[in-house]
Structure formats: structure tokens, C-alpha cells
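To keep things clear, I will list the structure first and then write my remarks on it.
The values are calculated or read from the model by the stated rules, or taken from the named source; none is laboratory data. The structure displayed is predicted, hence computed values, not measured ones. Neighbour counts are summed over all protein chains in view; Cβ atoms, including those assigned to glycine, are modelled from backbone coordinates with ideal geometry. Areas reflect the complete protein model, heavy atoms only, side chains present, ligands, DNA and RNA absent. Shrake-Rupley method; radii C 1.70, N 1.55, O 1.52, S 1.80 Å.
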Amino acid sequence: MKNILITPIYLAVLVAQVDYDTEIQPLWNSNCISCHTSTHSSGLNLMSGNSLGELVDVPSEGVNYGGALRVASGDPGSSVLYDKITGGGTYGQQMPPYPNDLMSTANRNLVQT
């Protein structure tokens, strides 16, 4: 009889983690809060202490957005915010609104994560 050695194989799955306060909020601070404060007409306040609760799984108030979520947990591709920062055009103009001010690819990837 042959002996068979069975060796368990473990696959390590690396899950990227992002710290919202130290990695994401600074992006809003440098790219967005010049407009998106508590007094902005969009109703979106991206100031520190407010932004997370204003974004994640919150329906966008945009007239033509059909209730799409500002940031859809686990599905950044369907998020209004991700569409806007990548210049996707599904939900209006890109953000930041100036053609040369689109976030860097690295920062967009960080937001996506």
C-alpha cells in the first residue's frame, strides 16, 4: 500500500485596507472642501468628521442620479463619487471640476479601495 502525504495548502488573501482618517480625508481636504462644506448647494459636506457619514451608502441628492449611492459599499464602480473623480460622465461633470485637476491615478485607486 502506498502512503500518500497530503499537505494542506493555505492561500493567503491579502485584503487592502485603507485608513479613512489618514488616507482618504486628506484627499477631500486637498481636492474637495474648497467647495463641499456645510454651506455648499449640493448638500455634501466633506469636512473632517462629516464626510464618511455623508458618503457611504447614502443616496445622492442629484436630480438625475436615480437614487444611486454616493459611495456604494463594496461596489465602487457604481458609486456616484467614483464616477465623478474618474471623469466617467454617468453622473455629470468630473470632480474636481477643472480639467487639469482630476485626482491622480494613485489617489483614485486609493479611493476605490
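Being at pLDDT 85 or above, within 22 Å of Ser104 (Cβ to Cβ) and open to solvent by 80 Å² or more (accessible area, probe 1.4 Å): is that true of Ser34 here? Break it down stepwise before answering.
Values: at pLDDT 85 or above: yes; within 22 Å of Ser104 (Cβ to Cβ): yes; open to solvent by 80 Å² or more (accessible area, probe 1.4 Å): yes.
The answer is yes for Ser34.
Taking segment 79-101, which residues are part of a loop (DSSP other than H, G, I, E, B) and closer than 17 Å to Ser42 by Cβ?
Ser79, Thr90, Tyr91, Gly92, Gln93, Gln94, Met95, Pro96, Pro97, Tyr98
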Check your understanding: Inside segment 38-77, can you point out the residues that are in a helix (DSSP H, G or I) and either closer than 17 Å to Trp28 by Cβ or touching a Leu at 6+ places or on another chain (Cβ under 7 Å) (or both)?
Key -> Ser51, Leu52, Gly53, Glu54, Leu55, Pro76
Review point. So Thr113 fits all but one of (1) open to solvent by 60 Å² or more (accessible area, probe 1.4 Å); (2) under 17 Å from Val18 (Cα atoms); (3) at pLDDT 90 or above; what number is the exception?
Key: (3)
Check your understanding: In segment 76-99, how many residues are among the hydrophobic types (A, V, I, L, M, F, W, C) and either touching a His at 6+ places or on another chain (Cβ under 8 Å) or open to solvent by 40 Å² or more (accessible area, probe 1.4 Å) (or both)?
Key -> 1
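Out of all the residues in segment 57-75, which are open to solvent by 60 Å² or more (accessible area, probe 1.4 Å) and either within 13 Å of the chain's Cα centre (by Cα) or at pLDDT below 90 (or both)? Break it down stepwise before answering.
Restricting attention to segment 57-75, the residues satisfying the condition of being open to solvent by 60 Å² or more (accessible area, probe 1.4 Å) are 57, 59, 61, 63-64, 66, 73-75.
Listed by number, the residues that qualify are Asp57, Glu61, Val63, Asn64, Gly66, Ser73, Gly74, Asp75.
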